[in-house]
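What follows draws every value from the coordinates through simple rules; no lab data is involved. In this text the structure is predicted, and so the values were computed from the model without any measurement. Reconstructed Cβ throughout: ideal geometry from the backbone, glycine too, with neighbour counts over all protein chains shown.
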Amino acid sequence: MPRHIAFIMDGNGRWAQRRGLPREQGHRFGVKAFRNVLEHCDKLGLEATTFYAFSTENWKRPKREVNAIMKLMDAYLSECEQKIDEYAFRIVFLGDKGVFDEKRRARMERLEARTSNRSRIVNIALNYGGRDEIVNACNRLLADGKETITAEDFKAVLYTASSPEVDMIVRTGGDLRISNFLLWQAAYAELYFTDVLWPDFGPDEVDRAIVEFSKRKRRFGGV
Ligand code: FPP
């Protein structure tokens, strides 16, 4: 069993367009899929899940689409705040929060702080880029006055410092690339690609990916 699965939630736009709907509707159904997948992973006992919700490059999208995604995120933050005691997870936002206005940033930080004693982790990558994460980690180490560092030092300043190693990266939507996601963490992650579009991805698809994971021989460079 994997302990930590990370999801690249791709295909929302195409899912909507195939139904004659605006792309924003694809993201709305994408949030439903996110909830189903998170709940299922929790039932399976995964210690951590990571979801790529918005990349450092996604700001290039039309304003209307960016606003729609942020609105969905704000609605989710509100819900988490309201149901904080029922919400089972430690919530961690991966990415540079500096771009968000004070109100959104404070909400994100509050949610992180108020859930920080929980063991099951959900990482939401928002304004996240793998290269940005590595540069940010280097700057943090420089600011600490480090002159030489170990891999352990480096891991400790990545956005994912609180999570176990990423065992598998799942990408929906048919493309075969990593798209600046978890570049350091992907070193020994199993990669799983499916043509299923994210809004159609659910518990059965998660199970299929885990069966595939269980067949992989992980050697971590050994024999
Ligand atoms: C990729 O599909 C999807 C995104 C860039 C956004 C994903 C965001 C969500 C599912 C909402 C997140 C909110 C919460 C609460 C987690 P795409 O638009 O690139 O699809 P396409 O490749 O078909 O165009």
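Sub-9 Å Cβ pairs linking a first residue in the stretch 167-189 that is closer than 19 Å to residue 220 by Cβ to a second residue that is polar (S, T, N, Q), at least 6 apart or interchain, are 169/50; 169/185; 182/50; 182/160; 184/160; 185/50; 185/160; 185/163, ordered by first then second residue.
For the stretch 14-23, what are the residues that are surrounded by fewer than 21 Cβ atoms within 10 Å (Cβ to Cβ) and either more than 10 Å from the ligand (Cβ to nearest atom) or not polar (S, T, N, Q) (or both)?
Residues of the stretch 14-23 that are surrounded by fewer than 21 Cβ atoms within 10 Å (Cβ to Cβ), as a first pass: 14, 17-23.
Scanning the stretch 14-23 gives 14, 18, 19, 20, 21, 22, 23.
The combined condition, being in contact (Cβ under 8 Å) with a residue 12 or more places away in the chain, surrounded by 17 or more Cβ atoms within 10 Å (Cβ to Cβ) and either more than 26 Å from residue 213 (Cα to Cα) or away from the ligand (no atom under 12 Å from the Cβ) (or both), is fulfilled by residue 121. Looking across the stretch 191-206 at every residue that is farther than 19 Å from residue 13 by Cα and out of contact with any Cys (no Cβ under 7 Å at 6 or more places or on another chain), the one that is surrounded by the fewest Cβ atoms within 10 Å (Cβ to Cβ) is identified as 204.
Residues in the stretch 98-118 that are farther than 16 Å from residue 66 by Cα and out of contact with any strand residue (DSSP E or B) (no Cβ under 7 Å at 6 or more places or on another chain): 98, 102, 103, 105, 106, 107, 109, 110, 113, 114, 117. Of everything listed in (1) part of a helix (DSSP H, G or I); (2) surrounded by fewer than 12 Cβ atoms within 10 Å (Cβ to Cβ), the single unmet condition for residue 145 is (1). Screening residue 62 with (1) under 30 Å from residue 209 (Cα atoms); (2) within 16 Å of the ligand (Cβ to nearest atom) gives one miss only, at (1).
Only one entry in 206, 170 is in a helix (DSSP H, G or I), within 16 Å of the ligand (Cβ to nearest atom) and either within 26 Å of residue 21 (Cβ to Cβ) or touching a strand residue (DSSP E or B) at 6+ places or on another chain (Cβ under 7 Å) (or both), namely 206. From the list 87, 76, exactly one residue is closer than 25 Å to residue 182 by Cβ, within 12 Å of the ligand (Cβ to nearest atom) and hydroxyl-bearing (Ser, Thr, Tyr). Which is it? Within the list 87, 76, the selection yields 76. Whenever a residue of the stretch 46-72 is farther than 20 Å from residue 173 by Cα, its partners that are away from the ligand (no atom under 11 Å from the Cβ) and part of a loop (DSSP other than H, G, I, E, B), lying with C-beta atoms within less than 7 angstrom and at least six residues away or across chains, give the pairs 46/2; 46/3; 47/3; 47/120; 47/164; 48/3; 48/163; 48/164.
One residue stands out in the stretch 56-81 among those that are touching an Asp or Glu at 6+ places or on another chain (Cβ under 9 Å) and of a type in the set (Val, Ile, Thr): the one that is surrounded by the most Cβ atoms within 10 Å (Cβ to Cβ), namely 69. Within the stretch 1-19, the set of residues being part of a loop (DSSP other than H, G, I, E, B) and within 22 Å of residue 89 (Cα to Cα) comprises 1, 2, 3, 9.
Being surrounded by 14 or more Cβ atoms within 10 Å (Cβ to Cβ), of a type outside the set (D, E, K, R) and in contact with a helix residue (DSSP H, G or I) (Cβ under 8 Å, 6 or more places away or on another chain) is a property that does not hold for residue 136. Looking across the stretch 27-53, the residues that are within 16 Å of residue 13 (Cβ to Cβ) and crowded, with 22+ Cβ neighbours inside 10 Å come down to 27, 30, 33, 34, 52, 53. Here the condition is being of a type outside the set (Val, Ile, Thr), more than 8 Å from the ligand (Cβ to nearest atom) and touching a strand residue (DSSP E or B) at 6+ places or on another chain (Cβ under 8 Å); of 81, 39, 47, 57, it holds for 47 alone.
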